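Working notes, beginning with the structure itself.
The values are calculated or read from the model by the stated rules, or taken from the named source; none is laboratory data. All of these numbers come straight from a predicted model, not from anything done at the bench. Cβ: placed from backbone, ideal geometry, glycine included. Neighbour counts: every protein chain shown. With ligands, DNA and RNA removed, areas are computed over all heavy atoms of the protein, side chains included. Shrake-Rupley method; radii C 1.70, N 1.55, O 1.52, S 1.80 Å.
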Amino acid sequence: MKKTTLTVTGMHCASCSTLINRALNKVDGVIKANVNLTTNRATIEFEETKTDINRLISTIKNKGYDAKESSEKIDHKKENKIQNQDIKNLKYDFLLSLILAIPVFILGMFFMKNPIPYQDIVMGVLATPIQFFIAAPMYKSALIALKNKSANMDTLIVMGTSAAYFYSVFVVLSGQGHVYFEASAVLITIVIFGRYLEAKAKGKTSEAIKKLIGLKPKTATIIKAGKEIKIKVDDVQKGDIIVVKPGEKIPVDGVIVDGHSSIDESMVTGESIPIEKNKGDNIIGATINKHGALKFKATKVGANTTLAQIIRLIEDAQGSKAPIQRFADNIAGYFVPAVLIVALTTFFVWYFIVGSAFNFALIAGVAVLVIACPCALGLATPTAIMVGTGKGASKGILIKGGEALETAHRIKNVILDKTGTITNGTPEVTDIIPFNKISKDQFLTIAGSIEKGSEHPLAEAIVKRSKEDSIKFKKVNNFKAIPGHGITAKISKTKYYFGNSKLMKDYKIDTKTQSTRIRELEKQGKTVMMLSDSKKLLGIIAVADTIKPSSPDAIKQLKKLGIKVFMITGDNTRTAKAIAKLVGVDNYFAEVLPEDKANYVKKLQKTGKVAMVGDGINDAPALAQADIGIAMGSGTDVAMETGDVVLMKDNLIDVFKAIKLSKMTMSKIRQNMFWALFYNTMGIPIAAGLLYPFTGWLLNPMIAGGAMALSSVSVVSNSLLLKAKRL
């Protein structure tokens, strides 16, 4: 079995990707094919004995699209350049179309009763380049759909605007009737504007990869023949001994062979507290060495590093996402052929069977096409999405495009990353318990003074709390850090010991009397440190990553929507259980490795749509894999770029609001679809002349155009009502 990725060009809507996907899956030897509209890629698994890449490319080309094999190492810089050019082209098309459409609209709407000389000809001249130059890709797409015996939104747009345009040309040439150049020109302009906005949103997908690539160090210092030599990271070989100084990035994954330090792994693991590392411990490339020189042996280089795997996971997750089949595209498959049949039947019956005049039959047929023009159908989804995303933005909820808004209402499971999402992401002092008649201020004075000289990850929290309580630090002598245990130091003539139970045990300090209290704090997921002099325990201090005030209420509101809430963390089970209980989460995944988070998302996707909420780089693959990725605004740029939704207020309650907004927007879309189809369903029989034998009344194309405009106004007005809704 072989797996390949093809870059596909020429896709315009969800039905395009569906058509290609269906064709590829029918090829003998193809095990599985997935075509992604957002990334313009087709991922295919196939048996080499039955088919090959050339045949797969030919299959796509036979459907009217173009394809080529993607290189194993994607050139993101080149792809970004192509994307930017596409966005720029759409912007120019929209501006040109707008410049031409505005005068056509003004003439058509405000000078009907008192037309200027040659008004219809002027309108026709201005509308023609919009119809045949700017809308050319729509015609091409519609023709491809026709060739493949299907229909899409472009089919509807081309059919409606062409009917309005060519009937208007007929009116200009015959000198009788009313022109509809403004209808075709304005509709095409709106569609181009929508595609420009969509292209901008799609262009964000590659930025996440660019941010990740930017984390990779450029050079590494290796030891060769007893000398330190600086080389390019790409030239590092497995087994090389690498030196990393304080403050430097770790070039590749490896195992420490000499030295001790604390490593800031937040950019990869998402955990805020740096991890102490000693000889024999594994370290991850792109993380930061906080203090102390390290020597380590390279174990994973190039494409095998953790960072490279995360990049690959994001690419795979983005490539495997199935695009949402838009309502209008589904309806188009049945609606377009039905309208064409009704229009042709109308003309045929009146002209050939009833024997009416050609003009009479033509007007009836055109009236059917004009009233069936997909203005309302085309506006039903984008107007609701534009209002919905605008409302979200005003509340600090940034939703990247219509697909995210459409998908969110079907979410069944929400996975919340613990650090930085449920919690604040930074360690804080939570408990200060002094003993033996020492006051809280005295305890903090000793602890703060000692930790002021420490580079331990938790020292910052203690020093910060001491400063908040206006503690004046004392001079410390004989400071000594004992890795993995704590610190010994002298203040005046008194020697103090500050650290964990191992340190107390080493210096024979009795902690049994406080063991119950210490265990209770540890059960709450807190890190406990003890302070003593050479004789007795003076007190304990607990540090933890504190819970955001909004987290419990947000989780409660999500549950009310019938959504199952899960917490995921790299912490141990004891800490995870404690945090989950405090915030009201019934389900949690503990001790999860960074590269495994996406796998948990995949498992839950078997039970329903999944939203992943996170803020770290380690969350990026899971954010991309999820049906909806929700990134906290305080998180890394990578998480924000990968997420489909970004919460700027960094408040978990906005996850609930984003899903609620999606449900409200989808309700409006359904209402819009009803009204759009209601006008068409009611208007088409009348336009076809069904009432003419009984009333003598035939629907004039101008009245049909008015009904069409009214349906569009009702759809837009209904969408605008979203603004008044409360989140």
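Side notes on the structure shown:
- When peptides 536-547, 214-225, 92-103 are ranked by their average number of other Cβ atoms within 10 Å per residue, the highest-first order is 536-547, 92-103, 214-225.
- In terms of accessible area, using a 1.4 Å probe and ignoring ligands and nucleic acids, Arg41, Arg22 rank largest first as Arg22, Arg41.
- Portion, in percent, of the accessible area of the stretch 398-468 that falls on carbon or sulfur, probe 1.4 Å: 46
- Solvent-accessible surface (1.4 angstrom probe) belonging to Phe352, in square angstrom, nearest 10: 130
- For the stretch 718-727, the Karplus equation 6.51 cos²θ - 1.76 cosθ + 1.60, evaluated at θ = phi - 60°, returns couplings of 5, 5, 5, 5, 4, 4, 7, 6, 9, 7 Hz by residue, with Gly and Pro reported as x.
- Asp506 exposes around 90 Å² of accessible area when a 1.4 Å probe is run over every protein chain in place.
- His291, His485, ranked by accessible area, largest first (probe 1.4 Å): His485, His291
- Virtual spin-label span in nm between Tyr507 and Lys493, 7 Å along Cα→Cβ: 1.8
- Ranked packing of 243-255, 488-500, most packed first, by mean Cβ within 10 Å: 243-255, 488-500
- Protection proxy ranking of 114-125, 421-432 - average other beta-carbon atoms within 10 Å, highest first: 421-432, 114-125
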